[in-house]
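Asks: Let me begin by handing over the structure; questions about it come next.
The values are calculated or read from the model by the stated rules, or taken from the named source; none is laboratory data. These numbers come from a predicted model, not from an experiment. Positions of Cβ are backbone-derived with ideal geometry, glycine not excepted, and every protein chain shown enters the neighbour counts. Areas reflect the complete protein model, heavy atoms only, side chains present, ligands, DNA and RNA absent. Shrake-Rupley method; radii C 1.70, N 1.55, O 1.52, S 1.80 Å.
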Amino acid sequence: QRPGDLAGRPQARDPEAMELEASVASEPVHPCVKCGACCGTFRVLFEPAEHSDPRYLVPKDLTEKVDGSTRAMLGTNEAKPRCVALGGRIGVSVGCTVYANRPSCCRDFKPSFEDGTRNERCDFARRNKGLRPLKPSDYRR
């Protein structure tokens, strides 16, 4: 250790930073942010109209032609699918790199109990990745 090096020494903590950290840590986290199982289980197909709809402008190089005018997200048309747009580790912390422009099938996919009802496909995807199905209490802190 060099003189003046602060590594390993106790540091004074900024009270405002500590308050911000505490408030962020206490905010409820949506279960999807820790999951990603659907993105690693199902094929993500685009409706033909979505190719030109500005709400769903997924970069074409992240998709592949399946048949005719149907396209799929890269990685989801495999025996062991995983969407190329999924970042992170399934079951730990994930995020969609094209979230704002995700396809309609992704927008329409509801996790179990987000709206109070069970989604069997969500439950299947979670079990497929070794995760337990969601419960209503997963949305409360």
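Asks: Filter segment 50-79 down to the residues that are among the basic types (K, R) and buried (at least 17 other Cβ atoms within 10 Å of the Cβ) and list them by number.
Replies: Listed by number, the list holds a single entry, R71.
Asks: Quick check on segment 107-121: of everything there that is open to solvent by less than 80 Å² (accessible area, probe 1.4 Å) and modelled with pLDDT under 95, which residue is farthest from F42 (Cα to Cα)?
Replies: Among those residues, the one meeting the criterion is G116.
Asks: Hey, any hits in segment 122-139 for a residue that's more than 15 Å from V33 (Cβ to Cβ), open to solvent by less than 50 Å² (accessible area, probe 1.4 Å) and among the hydroxyl-bearing types (S, T, Y)?
Replies: no
Asks: Scan segment 31-49 and tell me whether some residue there is out of contact with any Pro (no Cβ under 9 Å at 6 or more places or on another chain), loosely packed, with under 11 Cβ neighbours inside 10 Å and in contact (Cβ under 8 Å) with a residue 60 or more places away in the chain.
Replies: No, because not a single residue in segment 31-49 is out of contact with any Pro (no Cβ under 9 Å at 6 or more places or on another chain), loosely packed, with under 11 Cβ neighbours inside 10 Å and in contact (Cβ under 8 Å) with a residue 60 or more places away in the chain.
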